[in-house]
1. Could you give the C-alpha radius of gyration of chain B expressed as a fraction of 2.2 N^0.38 Å, taking N as the number of residues it contains?
2. Tell me the mean residue ellipticity at 222 nm calculated for chain B from its helices only (DSSP H runs of n ≥ 4, each -39500 (n - 2.57), averaged over every residue, nearest 500).
3. What's the ranking of B:102-108, B:274-280 by average number of surrounding C-beta atoms within 10 Å, highest first?
4. Rounded to two decimals, what ratio of Rg to Rh does the stretch B:187-251 give with C-alpha atoms and a Kirkwood Rh?
5. Once amide H atoms are built 1.01 Å from N in the peptide plane, which residues 5 or more positions from A:ILE178, or in another chain, come under 5 Å H to H?
6. Comparing B:LEU286, B:LEU214, B:LEU87, which has the greatest mean-square fluctuation in the GNM of chain B with Cα pairs linked when under 10 Å apart?
7. Let me confirm one metric for peptide B:83-92, namely the mean number of other chain beta-carbon atoms within 10 Å of its residues' beta-carbons.
8. So, how do all the Cα-to-Cα distances of the stretch B:210-309 break down into 5 Å bins, in percent, from 0 on up?
Amino acid sequence: MKDNGLKKTVPFLLFFLLGTSIFAQGKQKKADNDTYDWEYNIECYGNTAKQGYKLVKVWSYSKERGVATSQAKKNAVHGIIFKGFTGDGRGCKSSRPLMNRDMTDKEYKDFFRDFFLDDGGYARFVTYATDTKGGTEVQKLVRNKKEKKEKFYQYKIGVVVTVATDELRKHLEKEGIINALAKGF
Amino acid sequence: MKKVISRFTVLLLLTCTAVHGQNAKKPTLMVVPSDAWCVQHGYVQHYDNQGIATKVPDYTKAFQENTDLLLVISKINGLMAEREFPLINLETVLKGLQNSSARNIVRTSRDTGASINESPLDQIVKTAKADIIIQLTWTENKQGPKNSITYNLQGLDSYTFKQVATAAGTGNPSFSTELPVLLEEAVIENMDDFTYTLQQHFEDMFDKGREVTLQILTWEDWSGDLDDLSFEIEDWLDANCVEGRFSTTDVTSTYALFDQVRMPLFDDNGRALAARNFFRDLSKKLSGPSYNIPNKLETEGLGKVTLILGSR
């Protein structure tokens, strides 16, 4: 009788775990697609004392708080490479994106697929600025359905991170992704 | 075996040519404090220029007395070297020129006792120079107890006199920060902007050719008319410049100036060109059988050539 119960429970547990894992992967994939489609905001968060580093606040979106928080690092590196940011009067200047040449769609896809993998190398250039008080902000976004109550849609999470911009630039120059100042000479 | 060696030699030569032809002539850069900064800080020499009191910057005095200047130049040099663009150090060049001049004064030939031959032109040429001068200016602003720095870095092309790169701005006012700290912050904050605009200039150069200047002078005893000849020179420029880009600025019977001349960065063999190599063909053409005008070609760095018609 016991064996019979176990036989019924194990497949159910396996199915449940698999489902959870696929569900989590789906959210991570959605977050990656958002980064790929530049669906995040990056803003200046003052000066760092260290030369070659930039302190930025990144706003990421997800239904899962953890996913949005962890995606902040990826978004920050993507933002420094492709978006840049404007100054905000807190003592930091505007920053141009590191990308200084035209990139084909294929190049962008290949670069994104490899560099932004979880172990693809981007993480070497970014750290959470944990010593910044009030660095993380959480906002709940709601969607207003017609004649219905407002419904939770997703989180908008602002995380402050430090990006090693000089090291990142050197790495991208070495890989031929961006042009070095002395290229051609 | 001989065949293998000869094939290997040909392959090596081809590789060398390809590698050799890949890189354009690298412009030299040097940071120089601006005239305005030198005057403000009293680093000037006064002299009487035919009745007009004139001030010229005294760079040696500035380097000897102002440690903030040394700090800023050292910081800029360091950041540029990091980007594989080491700069010429003005202070070192000035010291080198003084040493070289002192040595030349005491040099004599062992056999004849003759001293070193130095024309007035040689003396002018032996000054501190670079293809792009990075002009540096800063001013301290005081607002009550707060200090801030207004910082201006301009990259100026020595031959076209155009500003090819820039970074300028005023830092945040601060209560207690000392001047060297504010200066260091200003350099770090503005360097990305400066290198970005400099890179835009280089990209424009790779795209449309190096912008150079051709000046034509004539010796007193030359009997020709440059006014007529200038049309032939324009034809040559039109045929040889990148997309025929150049401007005729001045033409008289004895003088002509062509600027915004876009010369290619490489010759047909893939060899990197400077203005000197580019205009050598024009010099040869003018002295050849069709025109028979002997001429002298003088060069200033990568981007300016003067042809003097009439004799060598």
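1. Values: Rg = 24.1 Å, N = 312, 2.2 N^0.38 = 19.5 Å.
The reported ratio for this selection is 1.23.
2. Working: 9 runs with 130 residues, N = 312.
About -13500 deg cm²/dmol.
3. The densest-packed peptide leads the list: B:274-280, B:102-108.
4. 1.22
5. A:GLU173
6. Maximum fluctuation in the GNM of chain B, among the listed residues, is at B:LEU286.
7. 2
8. Binned Cα distances yield the sequence 3, 13, 26, 27, 19, 9, 3, 1.
The values are calculated or read from the model by the stated rules, or taken from the named source; none is laboratory data. Given the structure is predicted, the values throughout are model-derived calculations rather than measurements. Glycine gets a Cβ as well: all are built from the backbone with ideal geometry, and neighbour counts include every protein chain shown. In case anyone asks, the SASA skips ligands and DNA or RNA and just uses the protein heavy atoms, side chains included. Shrake-Rupley method; radii C 1.70, N 1.55, O 1.52, S 1.80 Å.
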